[in-house]
Amino acid sequence: MTPSVLHRAGRGVRRLGSWCAAPFRWVTHAVRSTDAAPTDERGWELDRPRRTETRWRRDGETVRCFRFDDGYVSTVEYDDRDVTWQLTPGQVPLASALAMATVYRHHGTTPQIDPEGRPFVAVGESGPRQVFEEIADEPVDYVYLDAIRTLEEYPSFIDVTDEVRRVYERMSPTRYSTMG
């Protein structure tokens, strides 16, 4: 058998399978749409995970992490106020964008920006927090989030959950740039 004969035969089998399955697509769609999406312990529901974008939703709030040009950006959107703001100061590595999204989702803290435009969070005894005074009311360490390139570089206050690992693997550009 020649390769063209095998190619045509495979195409015919795929068409037959598609034709036979067509009447049942609405059933599988109905079952999938009624299944509850998994939520984490803080109530964030992973919504529409893709190779170039991941979203988490909770109470009319959406955290997005998506590819933008040569880097990644994380944003927060409020459905009821038509408001969006960036958690990242611009394009950052994927691990950094996920770190900023995770700090917001797990601790409710948005990164602050220093005079050079670098994102950081203040970390005290109770975890990440925002500091609006030159001298904080408790001792804090300032942790920069824009230089993180891998999940192993995450500071201890950021939980590297299985979900974060799966999102990182799915969105990682190195996974899709290799031939194989």
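Odds and ends about this structure:
- Once the chain from Asp159 to Glu77 is taken as fully extended at 0.36 nm per residue, the excess over their C-alpha distance is 27.3 nm.
- Ellipsoid equivalent to region 75-126 - semi-axes via the Cα gyration tensor, in Å: 18, 15, 11
- Theoretical FRET efficiency, 1/(1+(r/R0)^6), r = Cβ-Cβ of Gln91 and Leu151, R0 25 Å, to 0.05: 0.85
- Å² per residue, accessible surface of region 45-169 at 1.4 Å: 54
- Cβ-based net charge around Gly43, under 14 Å, with every Lys or Arg adding one and every Asp or Glu removing one: -3
- Extension gain (nm, one decimal) between Glu138 and Asp114, 0.36 nm per residue minus Cα-Cα: 6.7 nm
- Close amide H partners of Asp47, meaning residues 5 or more places away or on another chain with modelled amide H under 5 Å apart, are Arg55, Trp56, Arg57.
- The per residue volume of the convex hull around the alpha-carbon atoms of region 45-169 is 121 Å³.
The values are calculated or read from the model by the stated rules, or taken from the named source; none is laboratory data. Keep in mind that what you see is a predicted model, and the values were worked out from it rather than measured. With ideal geometry, Cβ positions are generated from the backbone for all residues, glycine too; neighbour counts draw on all protein chains shown. The accessibility values were calculated without ligands, DNA or RNA, using every heavy atom of the protein model including side chains. Shrake-Rupley method; radii C 1.70, N 1.55, O 1.52, S 1.80 Å.
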